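Shown next, in structure tokens, is the structure this report addresses.
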Amino acid sequence: MVNKANQTNYKKLQILLQELPWYVDEYINHKLRKLSIASLYNYCHDYKIFFNWMISEQLWDGNIKDIPMERLEQLTVIEVDGFLNFLHYQLDNKELTINRKLSALKSLFNYLQNIAETSDFKPYINRNVMAKIEFNEVKDSMETKATKMEGKILLGDEYEKFRLFIANDYGELNKKNKRLYNFYQLNRERDTAIVSLILGSGLRLSELVGIDLDDIDFSKYCVRVIRKGNKEQFVYFSQVAMADLQDYLAVRTAKYNVDKNEKALFVGGPTGPKVTSQRLKARAVEYLIEKYATAFGKPSLSVHKLRHSFATRYHAEINDVPKLRRQLGHSSIQTTMIYTHIKNDDLKIAVDKMDMPKEQTE
């Protein structure tokens, strides 16, 4: 399966790498098979921030590309603390964001010290200052995180109300605005299918936009996606989502002037009279969710919050954390455990058509 989004992100990654030292390029190449392109791109962005900070603090006089490993080896704990303080007080990064950037640096430095070798089998660096730096303590417990999440996701009958709002009510609400109404009528089936699929499967945004037509198994109610770490997995989705998908597919070609060779499941409108539709971009999906969420009266909703909504409802009805972990594609079961702390009596409403098979294909 060719993932065009991955190809685009790979090109962006290669462009960013041209601004960074050669050993970062080597490290990223080492990690390509283990981490997603999006994660590695974020790593490189973090490295660029760190190296630019080094130059601004006169820890290196020259270009980013020329910063030698020997200079990294000479960094002190006080200097690295200065960088973390810069992230917190000048860039206003939260503890979790700082931890993520520190994790990226720790991984790079660990590679230079413990994995990479010179031609005579010696490590690239002997001293690793990042090994001495501790992560910020994140104070929120799972219960606190769950409580914060509750007000930002769909609960109880909101789940189906939001789907029906997109399928019907948004159009009624905007009938007097001809431009909005016509645009809604063009995309009504597609947008309903997108939301229905997320709410009926818990897919990530990157997974959703990467789906091709031949990835869907209509007989087994599942879809093949590329998860984090470039891992292929078959993910099950609800019968409601299947019905909405079929409604969309019935009008996809006619409404969007889709070329017969276009394999993308979700496409955007053509940009000109002779231009055919192309794969819907991630930002376009984010925008349409923001639009409907605001009109629905729950502006905190996002693609990721819809994924949380699915996970919360699934856990309440099925109460099988390992199975939910596989469904969401979490690498750690601790990430999945947050849903066990969300409590809401309305979640006891039966999930129509959402029973999953006992075993799922990895």
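Picking from G200, I166, V225, whose Cα lies most toward the positive end of the charge dipole for the chain (charges on Cβ: Lys, Arg +1; Asp, Glu -1)?
The listed residue farthest towards the positive side: I166.
For R227, enumerate residues with amide H under 5 Å from its amide H, sequence gap 5+ or separate chain, H modeled in the peptide plane.
E232, Q233
If I compute solvent accessible area with a 1.4 Å probe over the protein chains, what percent of it on the chain is carbon and sulfur?
Of the solvent-accessible surface of the chain, carbon and sulfur hold 50 percent.
Select from L17, L180, L155 the residue whose mean-square fluctuation is largest in a Gaussian network model of the chain (Cα-Cα springs shorter than 10 Å).
L180
Tally Lys/Arg at +1 and Asp/Glu at -1 over every other residue whose Cβ is under 10 Å from the Cβ of N42; what's the total?
Charge balance in the 10 Å sphere: +1.
Students often check this: by mean Cβ neighbours within 10 Å, which of 164-173, 213-222, 320-329 ranks highest, and how do the rest follow?
My ranking of the peptides, most packed first, is 320-329, 164-173, 213-222.
Skip the ligands, DNA and RNA, and give the accessible area per residue of the range 182-229 with a 1.4 Å probe, whole Å².
32 Å²
Restricted to Cα positions, what overall size does the chain have along the principal axes? Three whole-Å values, descending.
Largest first, the chain extends 64, 53, 42 Å along its Cα principal axes.
Which residues' amide hydrogens lie under 5 Å from the amide hydrogen of D212, considering only partners 5 or more residues apart or on another chain, with H built in the peptide plane?
For D212, the qualifying residues are L265.
Not counting ligands, DNA or RNA, and with a 1.4 Å probe, what is I153's accessible surface area in Å² rounded to the nearest 10?
Rounded to the nearest 10, the figure is 0 Å².
Using the basic label-point model (7 angstrom from Cα toward the beta carbon), what is the V77 to E317 distance in nanometres?
Distance between the two pseudo-spin positions: 5.3 nm.
Let me check I've understood the local charge: for Y248, count other residues with C-beta under 11 angstrom from its C-beta, Lys and Arg +1, Asp and Glu -1. What total comes out?
Spelling it out: positives minus negatives among the neighbours equals 0.
Specify the angular offset, from 0 to 90 degrees and rounded to the nearest 10, of the alpha carbon long axis of helix 95-110 from the longest principal axis of the alpha carbons in the chain.
Rounded to the nearest ten degrees, it is 50.
Count the net charge of all other residues whose Cβ sits under 11 Å from the Cβ of L84, scoring Lys and Arg as +1 and Asp and Glu as -1.
Value of the local net charge: -3.
Express the accessible area of the range 29-135 per residue in Å², computed with a 1.4 Å probe while the remaining protein chains stay in the model.
56 Å²
Using only DSSP helix segments of four residues or longer, with each worth -39500 (n - 2.57), what per-residue ellipticity at 222 nm results for the chain after dividing by its residue count and rounding to 500?
Per the formula, -15500 deg cm²/dmol.
Going by alpha carbons, how many degrees (0 to 90, nearest 10) lie between the helix axis of 4-17 and the longest principal axis of the chain?
The angle comes out near 20 degrees.
On a 1.4 Å probe surface of the protein chains, which of F109, F183, F86 comes out largest in accessible area, and what is the full order?
Accessible-area ranking of F109, F183, F86, largest first: F183, F86, F109.
How big is the shadow of the Cα convex hull of the range 16-172, averaged over all directions, in nm²?
One quarter of the hull surface, i.e. the mean projection, equals 14.0 nm².
Just L40, L197, L16 to compare: in a GNM of the chain, with alpha carbon springs under 10 Å, which one fluctuates most?
L16
Could you grab the relative contact order for the range 283-335? Cα pairs under 8 Å, six or more apart, rounded to a whole percent.
20 percent
How much length is gained if the chain between K228 and A254 is pulled fully straight, taking 0.36 nm per residue apart and subtracting their Cα-Cα distance, in nm to one decimal?
6.0 nm
Past 29 Å, Cα to Cα, is the threshold; run K48/K298; K11/K132; K94/K161; K34/K305; K11/K65 against it and keep the listed order.
Result: K48/K298; K11/K132; K94/K161 exceed 29 Å.
Using a 1.4 angstrom probe on the protein heavy atoms only, could you order W53, W60, W22 from most to least accessible area?
W22, W60, W53
For T192, T76, what's the largest-to-smallest order of accessible area, 1.4 Å probe?
Ranked from most to least accessible, the order is T76, T192.
Show the residues, 5+ positions off or on another chain, whose built amide H is closer than 5 Å to the amide H of G156.
For G156, whose amide H was placed from the backbone, the distant partners under 5 Å are L347.
Work out, step by step, the length gained on full extension between L96 and D214: first 0.36 nm times the residue separation, then minus their alpha carbon distance; give nm to one decimal.
38.7 nm
From Cα coordinates alone, what are the radius of gyration and Dmax values for the range 208-277 in angstrom?
13.4, 39
I want to verify a result. In a Gaussian network model of the chain, Cα cutoff 10 Å, which of these has the top mean-square fluctuation: V223, V195, V77?
Largest GNM mean-square fluctuation: V77.
The values are calculated or read from the model by the stated rules, or taken from the named source; none is laboratory data. These numbers were taken from a predicted model, which means no experiment stands behind them. All Cβ positions, glycine included, derive from the backbone under ideal geometry; neighbour counts span all protein chains shown. Please note that ligands, DNA and RNA were not included when accessible areas were found on the heavy atoms of the full protein model with its side chains. Shrake-Rupley method; radii C 1.70, N 1.55, O 1.52, S 1.80 Å.
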